[in-house]
Each structure stands twice: as structure tokens, then as C-alpha cells.
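*Asks:* Sharing a structure below in C-alpha cells format, with a few things to ask.
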Amino acid sequence: MKKSLLVQPSYPIPNKSKNHSNFLPIGLLKIATYLRIQEKEIINPDQLVWGERLINFKPKKIYVTSLFTYWSEYVEKTVKFYVSKFPKAKIIVGGILATLMPNYVKNFAKNINVFEGIFQEAEEIALDNGAAYDLADEYEVDYQIVHAMRGCMRKCDFCGTWRLEDRKDYDISRVLNNILRCGAKNIIGKKRRNKVIFYDNNLLANNHIEDLLIGLSDLRIDNKRVICESQSGFDGRIIRNKPILANLLKKARFINPRIAWDNSYSDVKKIQEQIEILKDAGYNSKEIYVFFLYNWEIPYEEMYMKVTKLWDLKVQIADCRFRPLNQVYDYYKPQAWRKGQSSRSYFIHPLWTDFEVRSLRKLVRWHNISIRHIGYEKYTHIYFSYLDKLNPKKIKKYKSTKDIIQKELQLKFSD
Ligand code: SF4
């Protein structure tokens, strides 16, 4: 008898992105493994659903996962739907939103349960038995998501990691065996999953990082080498202290290495050094990304300087618009150039304006296109024209997006 239902709310993402590693409900897949092994439950693919679905069985337990706080309304809608359809079921809401704002979530409906933090038992069982990727076969998932550790020893103000997770390293042989298990053909799902995406928030902080990287470099799944990527990038400060790690990352076939430049422009030398270390290890500058938090305490003028410096260094930018960790909505529309939007629609940092947020995004987009197509004058020309139009000295005197669009620059681009 089917007892449990696993639910990922319908977030505002295109259907095709459900196969994207950002949105695969890996926590629910781990819970499914836990239910199968610990509770001896049969879990079929129809027990994992997105959003509000009419299902043909009466679940006794409903596990709802949650993501970013600014998508809270989707979680609320989903919870209310299942409470109304299955008033006798036990509803458990876990995940990022539930952990960061448990009291807010408790108010979504009467008698729901909020689970804070990591479901460690499910995590451990899935580490030794594999997450239930077979439930997501519909989305043709051709990668596996791995955690070799949890938490982070740093405490960056804007980051939720250290609030969400305790610091813990997993045994490397368990991690490597699990990668083999989940990737093996015909064992779980139809795909051979030799692409491994690490969700660790600070992978290099793992006390056994060298063993992990050496283990990965030797790993084969059905004679295919394992290809790795770190979702959250690498802590460049650790790379600077221990450059050998960059060589080990390359040997372990980590692609698209990302480091972060979150603080002020004055870190420029350190960032440059980190990029040089990655290049010395064999990475082409085009495949290196620098994370870039904007709409944050570093003002537009300084971010603009960072963009121009990263153009000199010929690396790409992974931009990230800051939202506070208790922000419960975000209606930012990239195409709203003409009218602009106010902080009633989305969070605009007091040091930023709507126009600056859009301008930075625009610059980054053309920066990346130009880096990827170095040598194509057409793209560089467009990029340079934006750099000129969006120079902070030029846009400073305008008070609102509307002023700029209508009266002065007559910029008619959409994002
Ligand atoms: S180093 Fe990264 S993961 Fe750690 S607290 Fe800072 S932003 Fe978060």
C-alpha cells in the first residue's frame, strides 16, 4: 500500500529546467531511499510529484520540500492544497525555507509539521544506498548530486549555509562507492550517470579533500571517466593557501571552476592570484567563472570596476542578485526596462537603484558573451558600447530608471 507522497512545489521555472541540477529535489530522493529501506515502504514514481496534483491514492504522510525564502508563496500554495485534499495526512515541510523561517511556514496551515535542518538519517542511508533517482527518470536526469560534506566554517553575512547545516565531513570511501553505485548502468534508472555535481557549499574545506580528489581522478563508471562540477564553486582563499588543490581538481576532471569575489575591489590581487593558479593547473581562462554578488553592500561603481577587471583577466562572471534570507517574495522582471520596478516588487538594496541592478545584469550578460566569443568583434563592440553607456559616472545623475530610458540614454534593450 502506498503511504507516502513526496512533493516539490511548482516553482516558477520552465518545464525543461526540471532536469536542471538546481531543481532536482535531491532531498526527497534521499527520503524515498530512507522510506524504502528503513520503513520498508514501496515507493513508485507516481509518489513523487511537482506542485498540486490530483493523485489516485490517499497518502498518510506528505513530505513537502522548500527552497529559497523568496519562493515561499509556492510552498504555501502547495501545502494548502494538500491540507485541503488530505486533511488526515501528516504533512511535513522541510528544506531551506522551513529551516530559515520555521514559524512563518507553520502559519501556512493548521497542524502541519515543520522539519528544520538536515534529515541526517535519510542522508546517511542514501549515502550507503544511493538516492532514488529512478523516481525522477521522467526528467531524464543524466547526472548525480553528491554531498561529500556539509556546512562551512566561514560565516558570510549574506549566506544561509552556516545557519542551515552543521559542519560535517563524510567518509571518502562511502562517497566514492556511492558515486559508483548511483552511476552504474541498469542499477538505478536507465542512465549511466558519470557526471557528478557536488552540492557541498565549501568543497575544499573538507578535511579529506586530497583523498577525495585523488579518488575521483581514478574513478570510472562502466569504463567512462567521471566528470565533476562544484555547484557552489571553490573557496579561492583555500586555493591560494594550497595551490596543489587546483592541480588535483583538474586531474579529478572538475569542469567550469568558480571562485567568488564577493567583497570589495581591494581584493583584486588575491582574485587575480587565484585565477592564475587555476590557469597554471591547466584551466583555460574562458572556462573559469567568478561569482559576483550584486544588489549588495558593494555599490554599483565598484562592481563596474570589477567587471572591467574581469574583462582584462578574460574570465566569465556568475552573477547572483542578493535577496535577504527572510525575503518572502521576488517579482523581479528582467524585461521591465522601460517602466522599471520598485522595491515593492523585489528587494533593492539601499545602496542600489533598480536601474543599477538591471545595468549590472546587462553588463555581465554581454561580458560573458564577449568572453565566450573572443575574437568576434561584433560582440566586443556591443559590450564596449554598454560599458560606455552604463559607466557609473554617466548614470549617476539620473534619479530613476524612467528618467534614463525616456530622457537621456534612450536605452531600449531588454535583458
Ligand atoms: S564561504 Fe561560501 S558557503 Fe561559506 S559562509 Fe561564505 S558564502 Fe557561505
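*Asks:* Collect the residues in the range 205-228 that are within 16 Å of the ligand (Cβ to nearest atom) and either hydroxyl-bearing (Ser, Thr, Tyr) or under 19 Å from the mean Cα position of the chain (by Cα) (or both), keeping them in residue-number order.
*Replies:* Correct list: ALA205 only.
*Asks:* Residues being more than 7 Å from the ligand (Cβ to nearest atom), within 17 Å of HIS208 (Cα to Cα) and touching a helix residue (DSSP H, G or I) at 6+ places or on another chain (Cβ under 7 Å): count how many of those fall in the range 152-171.
*Replies:* Total meeting the criteria: 2.
*Asks:* Quick one: would you say THR161 is at pLDDT below 95 and either buried (at least 18 other Cβ atoms within 10 Å of the Cβ) or in the same structural domain as ASP211 (by TED's automatic domain parsing) (or both)?
*Replies:* Against the criterion (at pLDDT below 95 and either buried (at least 18 other Cβ atoms within 10 Å of the Cβ) or in the same structural domain as ASP211 (by TED's automatic domain parsing) (or both)), THR161 qualifies.
*Asks:* I need the full set of residues from the range 241-257 which are within 16 Å of the ligand (Cβ to nearest atom) and either under 20 Å from ASN284 (Cβ atoms) or buried (at least 18 other Cβ atoms within 10 Å of the Cβ) (or both), in order please.
*Replies:* Result: LEU245, PRO257.
*Asks:* So ALA336 ticks every box in (1) within 26 Å of PHE68 (Cα to Cα); (2) at pLDDT 95 or above; (3) of a type in the set (A, V, I, L, M) but one. Which box is left unticked?
*Replies:* (2)
*Asks:* In the range 51-80, what residues are surrounded by fewer than 18 Cβ atoms within 10 Å (Cβ to Cβ), within 14 Å of PRO9 (Cα to Cα) and either without any contact (Cβ under 8 Å) to a residue 60 or more places away in the chain or among the β-branched types (Val, Ile, Thr) (or both)?
*Replies:* Correct list: GLY51, GLU52, ARG53, LEU54, LYS80.
*Asks:* Which of (1) without any contact (Cβ under 8 Å) to a residue 60 or more places away in the chain; (2) within 21 Å of LYS251 (Cβ to Cβ) does GLY233 not meet, given it meets every other one?
*Replies:* If we test GLY233 against (1) without any contact (Cβ under 8 Å) to a residue 60 or more places away in the chain; (2) within 21 Å of LYS251 (Cβ to Cβ), just (1) comes out false.
*Asks:* Please enumerate the residues belonging to the range 313-324 that are within 15 Å of TYR383 (Cβ to Cβ), in a strand (DSSP E or B) and of a type in the set (A, V, I, L, M, F, W, C).
*Replies:* ILE317
*Asks:* Against the definition (over 25 Å from PHE57 (Cβ atoms) and either among the aliphatic types (A, V, I, L, M) or within 19 Å of the chain's Cα centre (by Cα) (or both)), how does VAL105 come out, yes or no?
*Replies:* On the way: over 25 Å from PHE57 (Cβ atoms): yes; either among the aliphatic types (A, V, I, L, M) or within 19 Å of the chain's Cα centre (by Cα) (or both): yes.
The answer is yes for VAL105.
*Asks:* Would you check which residues across the range 289-312 are assigned to a helix (DSSP H, G or I) and of a type outside the set (Lys, Arg) and list them?
*Replies:* Restricting attention to the range 289-312, the residues satisfying the condition of being assigned to a helix (DSSP H, G or I) are 300-312.
Hits for the range 289-312 are TYR300, GLU301, GLU302, MET303, TYR304, MET305, VAL307, THR308, LEU310, TRP311, ASP312.
*Asks:* When you look at ILE374, is it at pLDDT 90 or above, hydrophobic (A, V, I, L, M, F, W, C) and not assigned by TED's automatic domain parsing to the domain that holds TYR70, yes or no? Break it down stepwise before answering.
*Replies:* Working: at pLDDT 90 or above: no; hydrophobic (A, V, I, L, M, F, W, C): yes; not assigned by TED's automatic domain parsing to the domain that holds TYR70: yes.
The answer is no for ILE374.
*Asks:* Suppose the filter is of a type in the set (Lys, Arg) and under 19 Å from LEU390 (Cα atoms); does LYS309 pass it? I'd like the intermediate steps shown before the answer.
*Replies:* Numbers: of a type in the set (Lys, Arg): yes; under 19 Å from LEU390 (Cα atoms): yes.
Against the criterion (of a type in the set (Lys, Arg) and under 19 Å from LEU390 (Cα atoms)), LYS309 qualifies.
*Asks:* Could I ask something else about it? Among the residues of the range 258-275, write down those that are outside any helix (DSSP H, G or I) and within 15 Å of the ligand (Cβ to nearest atom).
*Replies:* Taking the range 258-275 as the starting set, the residues that turn out to be outside any helix (DSSP H, G or I) are 258-264.
The answer is ARG258, ILE259, ALA260, TRP261, ASP262, ASN263.
*Asks:* Specify the residue that is surrounded by the most Cβ atoms within 10 Å (Cβ to Cβ); the eligible residues are those in the range 290-312 that are among the aromatic types (Phe, Trp, Tyr) and touching a Pro at 6+ places or on another chain (Cβ under 7 Å). Lay out the reasoning, then the answer.
*Replies:* Kept after step one, since they are among the aromatic types (Phe, Trp, Tyr), are these residues of the range 290-312: 291-292, 294, 296, 300, 304, 311.
From what's left, touching a Pro at 6+ places or on another chain (Cβ under 7 Å): 300, 304.
On the way: TYR300: 23, TYR304: 21.
Only one residue fits best here, namely TYR300.
The values are calculated or read from the model by the stated rules, or taken from the named source; none is laboratory data. Computed from a prediction, not measured in an experiment: that's the story for all the values here. Counting neighbours? That spans all protein chains shown, and the Cβs are built from the backbone with ideal geometry, glycine included.
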